[in-house]
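Heads up: the structure comes next, in C-alpha cells.
The values are calculated or read from the model by the stated rules, or taken from the named source; none is laboratory data. This structure is a prediction, so every number in the text was calculated from the model and none was measured. Here the Cβ positions follow ideal geometry from the backbone for every residue, glycine too, while neighbour counts run over all protein chains shown.
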Ligand code: BES
Ligand code: ZN
Ligand code: MN
C-alpha cells in the first residue's frame, strides 16, 4: 500500500472515495468537511440536523455524491469529543475508515489529515499516527486462505494537505509510522503463525532474515551451547519437546565507543505452551501458539531500531522453545540450575516463561547489559487484573519504568505499573532449592515478575506482562482480531528515548 501526501481540493480527488471527519456536537462543519458539505449542497449538514451523524468516535457515514463532486463516495468519520481527541483517536479513525472502505471494495481513497487541521495536533505526529492506523488497521493474516477470499487490499491512500509546511511534516511522520507499523505487523505475523510452522528453528530463521536485511549481528545457541552456558532452566523446559530449542540474540551497535550505553530487550519465546506435565485444559489451548509474542516483538523491534539508528547499543534476546509433555519432559518437583547459579524447584511445569527468562536475564546481565526490559505472556493473573486493556509493568528502577510507560504512550500501547515488594518472596521459597517457580494464586503476576527479577543481577530492569494485550478476540481500532504485536513499537520508542543526543 502506498501512502502519499498531495496538495489540492478534497472535493476534486480522482479517488473512488474520500474521508472527512466530524467532531462530536459540531452542527456546521468547517474545513474539508465544510467544503464537501457545500459541494453536496448541504448533505452533511442535513444528516447532522436529522441526527443521523453525530460525530461520535467510531461512527462512519457513507454518502454517495451522485456527480456533485469528483469522488463517488464520501465517508464522514466521527472523531468524538474534540477535548478528548489525541493520536490514539487519529490511529483509530484512520484504521476504521480504511477497513470500512476496503469492505466496500474500494482500492484507492483520499483522506484529510485527521487531527492536523482542526484537531490542532502536531502534523508530524499525525502523519505517523495515520500511517500506523492504516498499516496496522488493514493488517490481516490470510496466508492460509484462498487468495482474495476476503476481498482485495487497499492499494493507495492520498492524504490531502494544502499547507506545504504541514505536508512536509506529514510525510516525515508517515515514513516513521510505516516502519513502526510494519515492524508490529512482522511481530503479528510471527505470533499468528501456528505452532507447527512457527517453531524455535523458524523464529531463529526470521531473526536471520531481519539481521541480513538490517545489518544486525545475529548469534543463535543450540541445545549443546545452552548446556555449555549452564542454561539449565531453559533446557529443563525444552526437554519435553521434539523441537530443538534456540537461544536467539540480535545485536545493534548504535554507540560502539560507549559499551555501557546499552539496553537489553528480552522476549519470551514459547512457540507453544501446552503446560508440560502440568498440562493445560484443552479449551483455548490453541491460543498458546501466541506464547512467543514477547519474543516476536523483540525481533520485530530490532528491525525498526536498526532503521532509526538511535545512539545506543541494543541487544535483543529470545529464549525460544516449546513447552511440551513428552516422555523426557521435566516433572513437577525437579530442580534445575539457571545460568547465574541459582537453583529452582519446578513446582509447576506450566510456569515455564519465568524459567526461560531466568536464563535469558542471567545471560543479559552476564554480558554487561545495564538496562533490561523483558516482555512475556507470563500470567493468566495479569488478564484478571488488567483485562485486555493494559500491559502490566514491574520494575526495580522507577526512572526506567517511567521511560517504558512513556514509550508506551507514544506507541499507543497502554502500560500500567504494578508493585513488587520483598514480602512476596516468602510465597516462592522452596524447601529444596534457592527458590521455586510459582508463588501461589495471590498476586500471581507479581510473584512471576519477582522470580524473573532474581536473575537480572545489578541491571535496571522492567518486566512487561503482555498476557492480556498480546492478542485480541475482537477487532478494535488499529488492532484486528488476533495478535497485536505489542510491545514492538514501545520497544522502538524506548530505545530512541534512552539514546544519547
Ligand atoms: N503462557 C501462560 C500465561 C498465559 C495465560 C498467557 C493466558 C496468555 C493467556 C503461562 O506460561 C502460564 O501458564 N502461566 C501460569 C502460571 C502459574 C502456573 C503460576 C498461569 O498463569 O496459570
Ligand atoms: Zn507460557
Ligand atoms: Mn505456561
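Structure data summary
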item	result
Boolean, residue 361 is within 11 Å of ligand 2 (Cβ to nearest atom) and either under 26 Å from residue 313 (Cβ atoms) or modelled with pLDDT under 95 (or both)	no
Residue within region 367-376 that is within 13 Å of residue 444 (Cα to Cα), modelled with pLDDT of 95 or more, more than 16 Å from ligand 2 (Cβ to nearest atom) and crowded, with 20+ Cβ neighbours inside 10 Å present	no
Close pairs (9 angstrom Cβ cut-off, 6 or more residues apart or separate chains): over 19 Å from residue 487 (Cα atoms) in region 258-279, part of a strand (DSSP E or B) and within 12 Å of ligand 2 (Cβ to nearest atom) anywhere	272/322; 272/323; 273/322; 273/323; 274/322; 274/323; 275/323; 276/323
Criterion (more than 16 Å from ligand 3 (Cβ to nearest atom), surrounded by 21 or more Cβ atoms within 10 Å (Cβ to Cβ) and closer than 23 Å to residue 447 by Cβ) met by exactly one of 317, 344, 312	317
Positions within region 182-204 being under 20 Å from residue 323 (Cα atoms) and either out of contact with any helix residue (DSSP H, G or I) (no Cβ under 7 Å at 6 or more places or on another chain) or part of a loop (DSSP other than H, G, I, E, B) (or both), in sequence order	192, 193, 194, 195, 196, 197, 198, 199, 200, 201, 202, 204
Sole residue being more than 28 Å from residue 487 (Cα to Cα), modelled with pLDDT of 95 or more and either in a helix (DSSP H, G or I) or in contact with a strand residue (DSSP E or B) (Cβ under 8 Å, 6 or more places away or on another chain) (or both), chosen from 158, 175, 97	158
Unmet criterion (only one of (1) farther than 29 Å from residue 54 by Cβ; (2) outside any loop (DSSP other than H, G, I, E, B)) for residue 142	(2)
Any hit, region 267-289, residues being touching a strand residue (DSSP E or B) at 6+ places or on another chain (Cβ under 9 Å), more than 16 Å from ligand 2 (Cβ to nearest atom) and either modelled with pLDDT of 95 or more or not assigned by TED's automatic domain parsing to the domain that holds residue 377 (or both)	no
Given (1) outside any loop (DSSP other than H, G, I, E, B); (2) closer than 17 Å to residue 238 by Cβ; (3) away from ligand 1 (no atom under 16 Å from the Cβ), number of the condition residue 356 does not satisfy	(3)
Index of the failed condition, residue 458 passing every other in (1) without any contact (Cβ under 8 Å) to a residue 60 or more places away in the chain; (2) assigned to a loop (DSSP other than H, G, I, E, B)	(1)
For residue 249: the one exception among (1) over 24 Å from the mean Cα position of the chain (by Cα); (2) touching a residue at least 24 places away in the same chain (Cβ under 8 Å); (3) away from ligand 1 (no atom under 16 Å from the Cβ); (4) closer than 30 Å to residue 347 by Cα	(1)
Condition met for residue 243 (part of a loop (DSSP other than H, G, I, E, B), more than 17 Å from residue 355 (Cα to Cα) and touching a residue at least 12 places away in the same chain (Cβ under 8 Å))	yes
Search result, residues across region 168-188 that are under 14 Å from residue 131 (Cβ atoms) and over 22 Å from the mean Cα position of the chain (by Cα)	169, 170, 171
Residues (over 16 Å from residue 185 (Cβ atoms) and either loosely packed, with under 15 Cβ neighbours inside 10 Å or in contact with a helix residue (DSSP H, G or I) (Cβ under 9 Å, 6 or more places away or on another chain) (or both)) located in region 206-218	207, 211, 212, 215, 216, 217, 218
Cross-chain or 6+ apart pairs with Cβ under 6 Å, region 286-305 first and in contact (Cβ under 8 Å) with a residue 12 or more places away in the chain, then within 12 Å of ligand 1 (Cβ to nearest atom) and part of a helix (DSSP H, G or I)	290/191; 293/191; 296/191
Every residue from region 30-80 that is in a loop (DSSP other than H, G, I, E, B) and in contact with a strand residue (DSSP E or B) (Cβ under 8 Å, 6 or more places away or on another chain)	40, 52, 53, 54, 55, 56, 57, 58, 59, 65, 71, 72
